[in-house]
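The values are calculated or read from the model by the stated rules, or taken from the named source; none is laboratory data. Treat the numbers as computed from the prediction; the structure is a model and nothing was measured. Using ideal geometry, Cβ is built from the backbone for each residue, glycine included, and neighbour counts are taken over all protein chains shown.
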Amino acid sequence: MAGPPPYQPPPDLRVLLSAIDASAEAHDASPNEANRHALREAALALSGSLETPQEAALRMSMQPHSLAALRIAIEGHWLEALASADNATMTADQLSEATGAEVTLIVRIMRVIISAGIVAETDIRTYSCNRLTRIFTERGWRDRCIFTYDSRNMND
């Protein structure tokens, strides 16, 4: 079986970087939703151009795992416990104590949601909130994650 083709940098890398630079300047001059969106799109175009097909396939294939792990953390109230911690940092043992979940389960599920960028790991088996953690403690986002992949009422 042949290995992946050798990495070839995108031919339009400088064009993409110029687009990011121009979008960043526009955003700095007038930080509004349209300029934020343009800057984000330029950054995504650059990121996509640097991603190999293998990396894209791996990222896409891992999305269901990330969502399943997120749902476990949401239903276990791990994110709520983490967000309500005094310093917003908890060890796996502290999360276990606060939620009743097994430490091994917490560690394994946290690996997945850390790789998805939903929680930060500040030390071995020590977790903290980041800008995504708290959004999944909000009822609407929490319920959306559960409802979107819930199959209990599919035949009703």
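Could you say whether any residue in region 54-72 is of a type outside the set (D, E, K, R) and in contact with a Pro (Cβ under 9 Å, 6 or more places away or on another chain)? Working first, answer last.
Quick first cut of region 54-72, residues of a type outside the set (D, E, K, R) only: 54, 56-58, 60-70, 72.
Okay, now just the ones that are also in contact with a Pro (Cβ under 9 Å, 6 or more places away or on another chain), so 54.
Looking through region 54-72, at least one residue is of a type outside the set (D, E, K, R) and in contact with a Pro (Cβ under 9 Å, 6 or more places away or on another chain).
A quick yes/no check of all residues on (1) closer than 30 Å to residue 7 by Cα; (2) surrounded by fewer than 14 Cβ atoms within 10 Å (Cβ to Cβ); (3) in the same structural domain as residue 143 (by TED's automatic domain parsing):
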site	(1), (2), (3)
37	yes, yes, no
60	yes, yes, yes
63	yes, yes, yes
71	no, no, yes
80	no, no, yes
83	no, no, yes
- Exclusive hit being surrounded by fewer than 12 Cβ atoms within 10 Å (Cβ to Cβ) and either touching a Lys or Arg at 6+ places or on another chain (Cβ under 8 Å) or closer than 30 Å to residue 105 by Cα (or both), set 55, 33: 55
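So for region 113-121 (the condition being of a type in the set (Gly, Ala, Ser) and within 30 Å of residue 29 (Cα to Cα)), does at least one residue qualify?
So the first thing to find is which residues in region 113-121 are of a type in the set (Gly, Ala, Ser), and the list is 115-117, 120.
Remaining after also requiring within 30 Å of residue 29 (Cα to Cα): 117.
Looking for residues that are of a type in the set (Gly, Ala, Ser) and within 30 Å of residue 29 (Cα to Cα), one finds at least one in region 113-121, hence yes.
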- Task: Please name all residue pairs, on different chains or six or more residues apart, with Cβ atoms under 7 Å, provided the first residue is in region 105-131 and is acidic (Asp, Glu) and the second residue is in a strand (DSSP E or B).
- Result: 121/127
- Options 68, 92, 98: the member that is at pLDDT 90 or above and touching a His at 6+ places or on another chain (Cβ under 9 Å): 98
- Considering (1) under 21 Å from residue 130 (Cα atoms); (2) free of Cβ contacts under 8 Å to residues at least 12 places away in the same chain, say which one residue 102 fails and leave the rest. (1)
- Task: For residue 7, work out the one condition from (1) part of a loop (DSSP other than H, G, I, E, B); (2) modelled with pLDDT of 85 or more; (3) hydroxyl-bearing (Ser, Thr, Tyr) it doesn't fulfil.
- Result: (2)
- Task: Being surrounded by 13 or more Cβ atoms within 10 Å (Cβ to Cβ), among the β-branched types (Val, Ile, Thr) and part of a loop (DSSP other than H, G, I, E, B) is the filter; apply it to region 117-148 and report the residue that is nearest to the chain's Cα centre (by Cα).
- Result: 118
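For region 36-99, which fully contained helices (runs of 4 or more DSSP H) count at least 1 residues that are within 19 Å of the chain's Cα centre (by Cα) and of a type in the set (A, V, I, L, M, F, W, C)? Before you say what the answer is, go through the steps one by one.
Numbers: elements: 53-75, 78-84, 92-99.
In region 36-99, the matching helices (runs of 4 or more DSSP H) lie at 53-75, 78-84.
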- Task: List the number of the failed condition for residue 98; all other conditions in (1) of a type outside the set (Phe, Trp, Tyr); (2) surrounded by 13 or more Cβ atoms within 10 Å (Cβ to Cβ); (3) under 30 Å from residue 11 (Cα atoms) hold.
- Result: (3)
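Against the definition (within 22 Å of residue 64 (Cα to Cα), in the same structural domain as residue 75 (by TED's automatic domain parsing) and not in a helix (DSSP H, G or I)), how does residue 105 come out, yes or no? I'd like the intermediate steps shown before the answer.
Working: within 22 Å of residue 64 (Cα to Cα): yes; in the same structural domain as residue 75 (by TED's automatic domain parsing): yes; not in a helix (DSSP H, G or I): no.
When the stated conditions are applied, residue 105 does not pass them.
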